[in-house]
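Peer 1: Please read through the structure below; I'll follow up with questions.
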Amino acid sequence: MKVVTLLGSPRANGNTATLAKAFNETAQEQGADVKTYLLNTLNFKGCQACEACKTKSDKCVLADDLTEVLDAVAETDILVLASPVYFADTTAQLKAFVDRCYSYMAPFETMPEISRLAPGKMMVFITAQNAPDEMFFDVAGKYISIFKHLGFSGSRLIRGCDLMAADDLQTKNRQDLIESAKQTAKEVVAPNR
């Protein structure tokens, strides 16, 4: 079982990174091979709308640090996307990755085949937001829908509210969220154990 985790926060040790770490450590304990990328440290562009992935190639033709990430996501069983909510959306770093996922879509004339990805992948979406109300800005919904369109057969959401400072998980004693991340890893990596 392969897990690829993309950390979208500019804070390498912020709340979403802490939750992703809890998920990843538990996934490894369950036998998963885990690879993590901190997007903020990579040198890459957003989608350039060149359409080469629909005409000349079966993948994104941009040659930058996201090339390895896109290849890893194509091979993974579980994709973990972790991002704080900034101004009612994911971070720009994670959104740029999502835009490059356009390359996973098959050319439109090959419909009904939509995705170039193998079916059956799982996505885990981890968010942290300052707002205390879970109904405030449901950021995850649209991204879960995008990846469902790309053939991901299931998704899970770990959502932390009332988390502003980078260490709020600790200072506000939100062990419940850490345990949720661990339990989610057990359920998606080794569901029959």
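The values are calculated or read from the model by the stated rules, or taken from the named source; none is laboratory data. Since this is a predicted model, take the numbers as computed values, not measurements. Methodologically, a virtual Cβ is constructed for each residue, glycine included, from the backbone with ideal geometry; neighbour enumeration extends over all protein chains shown. Ligands, DNA and RNA are excluded from the accessible area calculation, which covers all protein heavy atoms including side chains. Shrake-Rupley method; radii C 1.70, N 1.55, O 1.52, S 1.80 Å.
Peer 1: Give me the Kirkwood hydrodynamic radius of the stretch 1-66, using the inverse of the mean 1/r over all pairs of distinct Cα atoms, in Å to one decimal. If you can, show how the numbers build up before the last one.
Peer 2: Values: mean 1/r = 0.0719 Å⁻¹.
The Cα-based Kirkwood calculation yields 13.9 Å.
Peer 1: Aspartates and glutamates near Lys35 by alpha-carbon distance under 17 Å, same-chain residues fewer than 8 away left out - which ones?
Peer 2: Result set, ordered by chain and number: Glu25, Asp65, Glu68, Asp71, Glu75, Asp77.
Peer 1: Which of Ala131, Ala22, Ala74 moves most in a GNM of the chain, Cα contacts under 10 Å?
Peer 2: Ala131
Peer 1: Just the number: Rg to Rh for the stretch 83-193, Cα atoms, Kirkwood Rh, two decimals.
Peer 2: On the way: Rg = 16.1 Å, Rh = 15.6 Å.
That ratio is 1.03, to two decimals.
Peer 1: Now, a different point. Rounded to the nearest 5, what % of the DSSP beta bridges within the stretch 63-132 are antiparallel ones? Can you show the working numbers first?
Peer 2: Values: 2 of 9 bridges.
Around 20 percent of the beta bridges assigned by DSSP in the stretch 63-132 are antiparallel ones.
Peer 1: Ranked by accessible surface with a 1.4 Å probe, highest first, in what order do Ser57, Ser145 come?
Peer 2: Values: Ser57 35, Ser145 70 Å².
The ordering from most to least exposed comes out as Ser145, Ser57.
Peer 1: Can I ask one more? Projecting each Cα onto the charge dipole of the stretch 5-102 (Lys/Arg +1, Asp/Glu -1 at the beta carbon, about the Cα centre), which of Val73, Phe23, Thr55 comes out farthest on the positive side?
Peer 2: Of the candidates, Thr55 comes out farthest on the positive side.
Peer 1: Would you grab the residues whose amide H sits under 5 Å from the one on Val34? Only those 5+ places off in sequence or on another chain, please, with H modelled 1.01 Å from N.
Peer 2: Sorted by chain and number, the residues that satisfy this are Val3.
Peer 1: For the stretch 62-108 and the stretch 12-53, what is the separation of their Cα centres, given in Å?
Peer 2: Spelled out, the Cα-based centre of one part sits 9 Å from the other.
Peer 1: Per the 1.4 Å probe, what fraction of the accessible area of the stretch 36-193, in percent, lies on carbon and sulfur atoms? Could the numbers behind the result be given before it?
Peer 2: Details: 4420 of 8200 Å².
Solvent-exposed carbon and sulfur of the stretch 36-193 make up 54 percent of the total.
Peer 1: Additional query: Just list whichever of Lys45/Lys121; Lys21/Lys54; Lys148/Lys172 have alpha carbons separated by over 29 Å in the model shown.
Peer 2: Values: Lys45/Lys121 25 Å; Lys21/Lys54 35 Å; Lys148/Lys172 34 Å.
In this structure, Lys21/Lys54; Lys148/Lys172 exceed 29 Å between Cα atoms.
Peer 1: Report the far tail of the P(r) of the stretch 22-152, meaning the percent of Cα-Cα pairs longer than 24 Å. Don't skip to the end; give the middle numbers.
Peer 2: Values: 2790 of 8515 pairs.
Of all Cα-Cα distances in the stretch 22-152, 33 percent exceed 24 Å.
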